[in-house]
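Working notes, structure below.
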Amino acid sequence: MADGSWSVVWITGGSSGIGRELARQLDGVVGHVAVTARSADKLGELSAASRTVFAYPGDVTDADAMAGCVDEIESRAGPVDLAILNAGAWALMDATDLDLAAVRTGVEVNYLGVMNALDALIPKMMARGKGHIAIVASVAGYRGLPRSVAYGPTKAALNNLAETLKLELEPHGITVSVINPGFVDTPMTADNPFPMPGIISAKDAAERILKGLRRGRFEIAFPTGFILAMKLLRLLPDAVYFPLVRKFAVRGRG
Ligand SMILES: NC(=O)c1ccc[n+]([C@@H]2O[C@H](COP(=O)([O-])OP(=O)(O)OC[C@H]3O[C@@H](n4cnc5c(N)ncnc54)[C@H](OP(=O)(O)O)[C@@H]3O)[C@@H](O)[C@H]2O)c1
């Protein structure tokens, strides 16, 4: 199943950006591409313009809705071979000026939203002894970054979660991947007021994601140059990391 021979793929956050582009690239290649997001109208438009993309509107923060989506997909199309848990919420926020509502949204969509989908998927995949779960996290989860208080910690949690899942689910035949994009040009990043080095298109991001998933890779991170720099930052001792990032962040504010 980690070889790309998927018949049924479920993508959350399929109404926009990376998720929509993934659905477009799988259209006609996979028999049933199920897309979930809150915007039923956008999902409907995507489905109408495609051959094998089907809309399953739902809010990832609603556990019953996610269980309902998976049941409906499987009764209509058969077992979910690959689930790309991609729905996400980003808010630029200073730790000196917390907006608790936005912090909660980050945790509920980015982390608990994935949990709700996992709760629906894991028992079914375990019973079948196969399946592939891919979680879209972010390089923003590698280390603490300025102005990322409502986002980075949720993505760090997803990276940790993916490692736990890999250890526990692989013996049951379930493949686990974690996707760590750098900057991608989508509605999520459109209003960012800071430089976004190495930014790539959603089309490019989706191509890299699908290539990695077809190869059964655990971590799929891109673009390469930016990822290498971020991984290097992760290796730096605190005494070097904090002054360096502070200096860079001050420059980034112009
Ligand atoms: N763009 C980047 O630079 C970048 C970098 C690293 C990681 N990522 C991650 O990549 C993923 C996709 O982001 P994107 O850039 O494609 O952003 P996007 O264009 O804003 O798409 C976000 C998607 O998530 C859905 N969503 C948000 N809240 C939801 C909810 N409660 N229930 C169901 N769906 C929900 C949105 O649909 P509705 O609003 O219709 O519900 C939309 O389809 C996210 O997890 C993001 O954190 C993005």
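Residue pairs whose Cβ atoms lie under 7 Å apart, separated by 6 or more positions or on different chains, with the first residue in the stretch 137-156 and open to solvent by 30 Å² or more (accessible area, probe 1.4 Å) and the second hydroxyl-bearing (Ser, Thr, Tyr), are Arg143/Tyr241. Would you call Ala117 at pLDDT 95 or above and either charged (D, E, K, R) or over 26 Å from Gly212 (Cα atoms) (or both)? No, not satisfied.
Would a scan of the stretch 207-222 turn up a residue that is more than 28 Å from Leu82 (Cβ to Cβ) and open to solvent by less than 70 Å² (accessible area, probe 1.4 Å)? Among the residues of the stretch 207-222, not one is more than 28 Å from Leu82 (Cβ to Cβ) and open to solvent by less than 70 Å² (accessible area, probe 1.4 Å), which makes the answer no.
Here the strands (runs of 3 or more DSSP E) wholly within the stretch 1-120 that include at least 3 residues being open to solvent by less than 10 Å² (accessible area, probe 1.4 Å) and touching a residue at least 12 places away in the same chain (Cβ under 8 Å) are 8-12, 32-36, 82-85. Remark: pairs (first residue in the stretch 192-213, without any contact (Cβ under 8 Å) to a residue 24 or more places away in the chain and at negative phi; second residue β-branched (Val, Ile, Thr) and assigned to a loop (DSSP other than H, G, I, E, B); Cβ separation under 7 Å; 6+ apart in sequence or on different chains) = Met196/Thr189. Restricting attention to the stretch 223-245, which residues are exposed (fewer than 13 other Cβ atoms within 10 Å of the Cβ), part of a helix (DSSP H, G or I) and out of contact with any Pro (no Cβ under 9 Å at 6 or more places or on another chain)? Selection gives Thr224, Leu228, Leu232, Arg234, Leu235, Asp238, Ala239, Val240, Pro243, Leu244. Looking across Val107, Val80, Val60, one residue alone is within 14 Å of the ligand (Cβ to nearest atom), touching a Lys or Arg at 6+ places or on another chain (Cβ under 9 Å), of a type in the set (A, V, I, L, M) and at pLDDT 95 or above. It is Val60. Within the stretch 167-181, none of the residues are under 29 Å from Phe248 (Cβ atoms), at pLDDT 95 or above, open to solvent by less than 70 Å² (accessible area, probe 1.4 Å) and small (Gly, Ala, Ser). Within the stretch 154-190, the residues that satisfy the criterion of being within 16 Å of the ligand (Cβ to nearest atom) and of a type in the set (Gly, Ala, Ser) are Ala156, Ala157, Ala162, Ser177, Gly182, Ala190.
For Val176, the conditions (1) in contact with a Leu (Cβ under 9 Å, 6 or more places away or on another chain); (2) closer than 16 Å to Trp90 by Cα are fulfilled apart from (2). Of the residues making up the stretch 121-151, those that are within 13 Å of the chain's Cα centre (by Cα) and either assigned to a helix (DSSP H, G or I) or modelled with pLDDT under 95 (or both) number 3.
The values are calculated or read from the model by the stated rules, or taken from the named source; none is laboratory data. These numbers come from a predicted model, not from an experiment. Note that we place each Cβ from the backbone using ideal geometry, even for glycine, and neighbour counts take in every protein chain shown. Side chains included, ligands, DNA and RNA excluded: accessible areas come from the protein's heavy atoms. Shrake-Rupley method; radii C 1.70, N 1.55, O 1.52, S 1.80 Å.
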